[in-house]
Amino acid sequence: MSLSGERPLPPGWDLPVDTERDPALVPDASAVEVPPELRAEIEQRMAKYPEHRSAALPALAAAQKLHGWCSPQAIDQVAAVMRVTPAYLSSVATFYDMLRTEPTGPHYVYVCTGVACHLRAAKTVFDAVEAEAERSGYDEAEIREFECLGACDMAPMASVDGRYVGPLEEGDAAELVAALREGRDVLPGRGLEDEGYELPWGSEA
């Protein structure tokens with residue numbers, strides 16, 4: 001689904017960017033205001049790796065969760081905490097599909113269309129979700145196909161705001177979109193980390 005120009009944009013999308021600053025320089029940590037919860041999460045991630053730069057991906061994901069996308073402000077905040085350059089983080093953010101470098105809606109639905117999901121009619125699921133969002137006028141989610149989400153045992157599946165749900169059917173589209181629109185849990189009990197989750201063919205997650 002292509003979001004229209006009329007959708008509400010996340011806070012910070014229109015903040016001015018300092019075009020004079022060199023992106024190859026590490027930001028002055030004292031000059032960059034970082035939300036305490038974001039700083040704590042980044043530092044926690046960094047502590048898990050012998051080389052702190054290895055935490056770039058989860059750190060950017062945390063910033064994206066807070067800001068809605070990897071905005072210049074978000075990248076500066078991560079760079080200030082990790083003591084790396086914004087240029088390095090931008091190279092990471094533009095490489096990985098799950099990181100967004102342009103503002104989108106507050107939610108996202110990535111329908112996996114990798115081989116396993118494709119063989120179980122994932123494209124039909126994607127088309128149904130996209131069509132339902134358009135039919136109901138819901139434009140606050142980025143809905144797109146994703147090459148592979150690495151959860152082949154629950155095919156066809158999708159990542160809904162980072163939560164893996166599946167197996168999905170075409171008939172799930174209406175409830176999935178309605179839950180997002182109404183702020184409810186999407187398909188409770190059918191998420192990979194949901195309590196008691198079990199695949200239909202009996203293999204417990």
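Nothing in this text is a laboratory measurement; each read-out follows from the coordinates by a stated rule. Since the model is a prediction, treat every value here as computed from it, not as a measurement. FYI the Cβ positions are ideal-geometry reconstructions off the backbone, even for glycines, and counts take in every protein chain you see.
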Q: For the range 29-95, would you read off the P(r) tail past 17 Å as a percentage of all alpha carbon pairs?
A: 28 percent
Q | Nitroxide proxy distance, nm - points 7 Å out along Cα→Cβ at E147 and D185 | A | 3.4 nm
Q: Evaluate the range 69-110: find the radius of gyration of its Cα atoms, find its Kirkwood radius, and give the ratio Rg to Rh.
A: 1.00
Q) Can you tell me the Rg and the Dmax, both Å, for the Cα atoms in the chain? A) 18.6, 58
Q | In nm, spacing of pseudo-spin labels at L57 and T94 (7 Å Cα→C-beta vector) | A | 1.9 nm
Q | Linear extension gain, S136 paired with A40, 0.36 nm per residue minus alpha-carbon span | A | 30.7 nm
Q | the range 152-173 and the range 72-93: distance between their alpha carbon centers, rounded to Å | A | 32 Å
Q: Could you give me the radius of gyration and the Dmax of the range 107-182, taking only the C-alpha atoms into account and expressing both in angstrom?
A: 11.1, 32
